[in-house]
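All remarks here apply to the structure that follows.
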C-alpha cells in the first residue's frame with residue numbers, strides 16, 4: 001500500500017517537475033545569472049562579424065554576453081518585428097511593410113549602419129587596364145559571357161602570352177560569392193564554369209598578385225600595394241575608384257551598407273555595445289573580416 | 001548411399017550464389033559506416049586534443065575548442081530524456097498493459113506511427129510555435145529539448161512496447177493468479193523483465209537527439225554564445241549546429257576542424273550508447289528465461 005503510493009508519487013513528481021519548469025520562467029528576460037544578455041540575430045553576411053564582435057566584447061565588458069544567431073536578414077528582421085531580439089542584423093534595409101508590422105507590435109526599428117560590404121575587382125600589376133564596366137564583368141564571369149581572352153576586351157598583358165582570362169572566384173558558400181553574383185551577374189545568373197575558387201578572401205588577392213593573366217574579386221579591405229584595383233562603373237567613362245569614402249557615399253557600384261536594427265533608440269548595455277562597434281576597436285574588427293568600415297578608420 | 005544428381009548440384013550452386021549475394025549486401029551495409037569513421041578519424045583525429053574539448057572557440061571560430069557546444073549538446077540530450085522517457089514509457093505501458101483493443105487504441109497507434117514520420121523541420125516549426133512563442137520559453141534549452149522530446153517520443157513508445165511485448169504473457173498470468181493487481185504485475189514482473197529493451201529505445205533516442213540540427217536551430221541553439229548555459233532558460237551552442245556552422249558558414253576554417261567536431265559528436269553519441277549498453281548487459285544477465 002505504502003509502496004504503491006510511493007511509486008505513484010515518483011511518477012507524479014516527474015510530471016510536476018515538467019509543469020513547474022514550464023511555469024518557472026524568470027520574468028527578467030535580459031539577464032542570466034548576473035549577466036546582461038544581448039540577443040543578436042540575422043544576416044548570414046554579417047554573422048561572422050557579429051560573432052567576432054561578440055567574442056571580443058567579452059574582454060571589453062565581461063558583465064555583458066552577446067548571443068549571436070544567423071539565419072539570414074529576413075530571420076533577423078522578423079525577430080525584430082516579434083520583439084524577440086535586441087539587435088537585428090541585416091544586409092538590406094527593412095521594407096516599409098516590415099517597419100509598419102513592427103510599429104503595429106509597438107516596436108520602432110532604428111537603423112544603424114555598421115559597415116559596408118564593398119567588393120574590389122583585383123588585377124595583376126602587369127595588366128594595363130585601368131577600368132572595367134559592369135557589362136564587361138558580366139562577359140568575363142557570367143555563364144554564357146563572351147570574354148574568354150583578354151584580347152576580347154581589347155586588353156593585352158605583357159606577362160600573359162596565353163592571353164587567357166584566369167578567372168578567380170570564391171567557394172559558393174561565401175557571402176562575397178553570393179553578393180558578387182546578385183549585384184554584378186544579376187539575380188538567378190550563374191558563374192561560368194572553370195574559375196579557380198578560393199577558400200579565403202586573402203587567397204584571391206595573393207593569387208592575382210602572382211598571376212599576370214588573372215582577375216579576381218574580393219573584399220576591399222584585402223587590397224595590398226602589390227595588386228591593382230580596377231575602377232568600376234556602369235560604363236568605362238563614369239567609373240569610380242573603390243574606396244571606403246566611395247562606398248559610404250554610395251557612388252561605388254559594388255557596395256552595400258550593412259545594418260543593425262534596434263527597437264527604439266538603444267539604451268544601457270545595447271547602446272554601449274553599439275557605441276563600441278562603431279568605435280575604432282569595433283570597426284577594425286569588421287575591416288579584418290574583409291568588409292569596409294562605416295567610416296574611414298586606421299587599424300594596426 | 002545417395003548419389004548426388006545433376007539437380008542436387010544445381011541446387012547447391014544456386015544456394016551458394018544466393019548466400020554470397022546476401023553476404024555482399026550485408027557487407028555493402030557496413031561499407032559506408034566504415035568509410036565515414038575512417039575519414040573522420042584520419043582527417044579529424046589530428047585536430048583533437050584536451051584543449052580542443054575544454055576551451056572556447058576563438059578567432060571567429062576558426063581556432064580554439066568546442067567546449068560550449070559540447071556542454072550544450074549534453075544539456076539538450078539530458079533535458080530531452082527527462083521530458084520524453086517518463087511520458088513515453090507511461091504511454092507504452094498504458095497501450096500495452098491496460099488499453100483494450102478497440103478503434104480508439106488503433107487510432108492512437110496510427111497517430112504514433114505517423115508522428116515518427118513527421119520531418120524534423122516540421123517539428124522545429126511546431127517547437128517555435130508551441131514552446132518558444134505560446135509557452136513563452138523563448139529560444140532556450142527548455143524549448144529546444146521539449147521539441148526534441150516530442151520528435152523522439154514515438155521512438156521511445158514503439159521500442160518500449162516491443163520490449164513489453166517480449167515479456168512472456170505467462171509471467172503476467174502467473175502473477176495475476178497470485179492475486180496481484182495490474183500495477184503490481186507491471187512493477188514487479190513486466191518492467192524488471194523489459195528494462196533492457198526499454199534502454200535500447202533510449203539509446204536510439206540519445207543518438208537521434210544529439211545529431212539533430214533542424215529542431216534546435218530556431219528553438220534554442222545559437223551560432224555563437226560567449227558563455228556556458230547555466231539553466232534550461234539559457235540559449236546554448238550545440239555540436240550539430242556548430243558542425244553545420246564551421247563547415248558552411250564561417251570562411252577560412254582550417255580543414256581539420258569540421259572533421260574534429262564531427263568526430264567528437266560521434267564519439268559523444270557512442271560513449272552515451274556505451275553506458276546504456278553496459279546497463280543492458282548487466283540487466284540482461286539477470287533475465288530468468
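Any read-out appearing in this document is the output of simple, stated calculations on the displayed coordinates, not a laboratory observation. Remember, it's a predicted structure, so these values are computed and weren't measured experimentally. A quick note on method: Cβ atoms are made from the backbone with ideal geometry, for glycine too, and the neighbour counts reach across all protein chains shown.
Evaluate the following for residue B:53: is it assigned to a helix (DSSP H, G or I) and away from chain A (no Cβ under 14 Å)? Judged against the criteria, residue B:53 is a match. Over 18 Å from the mean Cα position of the chain (by Cα) and within 14 Å of chain B (Cβ to nearest Cβ): does that describe residue A:166? Against the criterion (over 18 Å from the mean Cα position of the chain (by Cα) and within 14 Å of chain B (Cβ to nearest Cβ)), residue A:166 does not qualify.
Highlighted here are the strands (runs of 3 or more DSSP E) found entirely within region A:189-260 that include at least 2 residues which are farther than 27 Å from residue A:295 by Cα: A:196-198, A:214-219. Checked across region A:111-118, the condition of being in a loop (DSSP other than H, G, I, E, B) and touching a residue at least 12 places away in the same chain (Cβ under 8 Å) holds for no residue. Might you check whether a residue that is part of a helix (DSSP H, G or I) and farther than 28 Å from residue B:234 by Cβ occurs anywhere in region B:117-135? Yes, the conditions are met somewhere in region B:117-135. In the set A:74, A:42, only one residue is touching a residue at least 12 places away in the same chain (Cβ under 8 Å) and closer than 17 Å to residue A:257 by Cα; that residue is A:42. Per this entry, residue A:246 is counted among residues that are surrounded by 14 or more Cβ atoms within 10 Å (Cβ to Cβ) and more than 14 Å from every other protein chain (Cβ to nearest Cβ). The residues on offer are A:55, A:59, A:100, and the sole one that is within 11 Å of chain B (Cβ to nearest Cβ) and either assigned to a strand (DSSP E or B) or surrounded by fewer than 19 Cβ atoms within 10 Å (Cβ to Cβ) (or both) is A:59.
Of all residues in region A:80-90, exactly one satisfies the criterion of being within 14 Å of chain B (Cβ to nearest Cβ) and within 21 Å of residue B:248 (Cβ to Cβ), namely A:89.
Is one or more of the residues making up region B:136-157 in a helix (DSSP H, G or I), closer than 17 Å to residue A:82 by Cβ and either within 13 Å of another protein chain (Cβ to nearest Cβ) or within 16 Å of the chain's Cα centre (by Cα) (or both)? Yes: one or more hits. If you go through region A:192-213 and pick out every residue that is closer than 24 Å to residue B:255 by Cβ, away from chain B (no Cβ under 14 Å) and crowded, with 20+ Cβ neighbours inside 10 Å, you end up with 1. Checking each residue in region A:119-133 for being in a strand (DSSP E or B) and under 13 Å from residue A:150 (Cα atoms) picks out A:123, A:132.
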